[in-house]
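Asker: The structure under discussion is supplied below as structure tokens; questions concerning it will follow.
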Amino acid sequence: MNFAISAVRILRGALACLLVGTFWVPAAEAHEGPEHEIEELTALIDAGRGDFETFIERAIEYRVLGRFPEAMRDLEHSIRLNPGSLHALRELARVQFIVGRTNAAIDTVSRALQVKIEEPVDRGGLLVQRAEMLRAQGQYRRALTDGDDALGFHSGNPEWYLLRSDLQRRLKMNRKRIAGLEEGLKQTGAGILAIERIEAQLDAGQYRAALKAIEPELESARLRGGWLVRRGRARLGLGDKAGGAEDLRTSVAGIEARLDRGRPDASLLLDQAMAWVLLGDRPAALRNYELARDKGGDPELAERIRELASP
């Protein structure tokens with residue numbers, strides 16, 4: 001196992017999870033007083049003045065509170081009242097996925113895709129939702145088909161390009177991945193896709209192209225830790241062991257100065273862990289991965305931790 005590449009994947013996976021809206025943890029939505037909202041919605045339902053949307057609204061409040069059985073009950077009732085409700089079907093799939101009923105969630109999204117959908121972006125969103133579920137099952141090729149199709153319906157969401165890039169990375173489709181990110185940059189102009197393109201170039205061994213893009217970012221960056229790790233990796237790839245190691249050690253020290261070990265930032269921990277892996281210090285990387293996992297990092301962390309901990 002190439003632990004340097006694994007570390008890069010972890011950081012990118014954490015970022016992808018944040019941007020794409022992955023459902024492996026319940027999303028805490030900005031809302032005051034879900035209990036109060038549930039009381040009001042229940043009063044409407046008990047008075048016979050609730051409709052299928054009322055049940056969806058209450059289900060969302062239940063989900064926010066982590067009361068998933070009640071959320072599913074309300075969503076299933078809403079669907080009985082209005083079988084063609086995309087809102088209810090999407091939300092039910094989301095809750096099913098959260099509680100680990102991934103096959104049922106995929107079936108629910110597939111059912112939603114059979115409903116008449118007016119807006120292309122809505123169909124694309126459903127395909128992305130199913131792609132994330134398929135990815136969680138390791139069905140990368142099926143997920144990639146959905147990701148490609150989603151971008152055919154709507155090409156303006158950078159998060160969807162990140163999802164496709166992650167799937168192409170897993171399938172080792174380096175050329176298509178870089179070309180897809182170029183397309184995404186043209187369509188959206190999103191800076192996060194420029195960063196992902198650099199990561200793709202590093203994964204593909206295109207170290208000179210990556211270094212050319214990294215240098216101006218380093219010159220202008222206020223926080224240089226992550227960029228120093230990328231440059232260190234590019235330099236190592238080009239055979240500059242001394243320069244690469246210097247970048248990585250500088251990155252480790254700079255990140256350490258910023259880290260609050262009492263309440264560390266997961267992204268900083270992952271940047272530093274990547275540097276430790278590239279420097280060959282597996283125990284230090286393992287400590288950071290474990291801390292990042294405890295702070296809610298990418299689900300891939302568990303596997304990477306096992307790999308680092310093995311002899």
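The values are calculated or read from the model by the stated rules, or taken from the named source; none is laboratory data. Since we're looking at a predicted model, the values are computed, not measured. For neighbour counting, all protein chains shown are included, and Cβ atoms are generated from backbone atoms with ideal geometry for every residue, glycine included.
Asker: Cβ-Cβ under 6 Å, sequence separation 6+ or interchain: first residue in segment 233-262 and part of a loop (DSSP other than H, G, I, E, B), partner of a type in the set (A, V, I, L, M). Which pairs?
Answerer: L259/L268
Asker: In segment 268-287, which residues are surrounded by fewer than 20 Cβ atoms within 10 Å (Cβ to Cβ) and either under 17 Å from L236 (Cα atoms) or in contact with a helix residue (DSSP H, G or I) (Cβ under 7 Å, 6 or more places away or on another chain) (or both)?
Answerer: Going residue by residue through segment 268-287, those that are surrounded by fewer than 20 Cβ atoms within 10 Å (Cβ to Cβ) are 279-284, 286-287.
L279, G280, D281, R282, A284, L286 - these are the residues of segment 268-287 that are surrounded by fewer than 20 Cβ atoms within 10 Å (Cβ to Cβ) and either under 17 Å from L236 (Cα atoms) or in contact with a helix residue (DSSP H, G or I) (Cβ under 7 Å, 6 or more places away or on another chain) (or both).
Asker: Among (1) at pLDDT 90 or above; (2) under 25 Å from Q137 (Cα atoms); (3) among the β-branched types (V, I, T), there is one condition V277 misses while meeting the rest; what is its number?
Answerer: Single failed check for V277: (2).
Each row is one residue, and each column tells you yes or no for (1) closer than 28 Å to L134 by Cα; (2) buried (at least 16 other Cβ atoms within 10 Å of the Cβ); (3) not β-branched (V, I, T).
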{"position": "R49", "(1), (2), (3)": "no, no, yes"}
{"position": "I60", "(1), (2), (3)": "yes, yes, no"}
{"position": "V64", "(1), (2), (3)": "yes, yes, no"}
{"position": "P69", "(1), (2), (3)": "yes, no, yes"}
{"position": "A88", "(1), (2), (3)": "yes, yes, yes"}
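Asker: Restricting to segment 134-166, name every residue that is in contact with a Phe, Trp or Tyr (Cβ under 8 Å, 6 or more places away or on another chain) and buried (at least 24 other Cβ atoms within 10 Å of the Cβ). If you could, list the steps in order and put the result at the bottom.
Answerer: If we filter segment 134-166 for residues that are in contact with a Phe, Trp or Tyr (Cβ under 8 Å, 6 or more places away or on another chain), which is where we start, we get 134, 136, 147, 150-151, 154.
G147, A150 - these are the residues of segment 134-166 that are in contact with a Phe, Trp or Tyr (Cβ under 8 Å, 6 or more places away or on another chain) and buried (at least 24 other Cβ atoms within 10 Å of the Cβ).
Asker: For segment 189-221, give me each residue that is in contact with a helix residue (DSSP H, G or I) (Cβ under 7 Å, 6 or more places away or on another chain) and not in a helix (DSSP H, G or I).
Answerer: Looking only at segment 189-221, we keep the residues that are in contact with a helix residue (DSSP H, G or I) (Cβ under 7 Å, 6 or more places away or on another chain), and these are 190, 192-194, 196-205, 207, 209-211, 213-214, 217-218, 221.
Hits for segment 189-221 are A190, A204, G205, A221.
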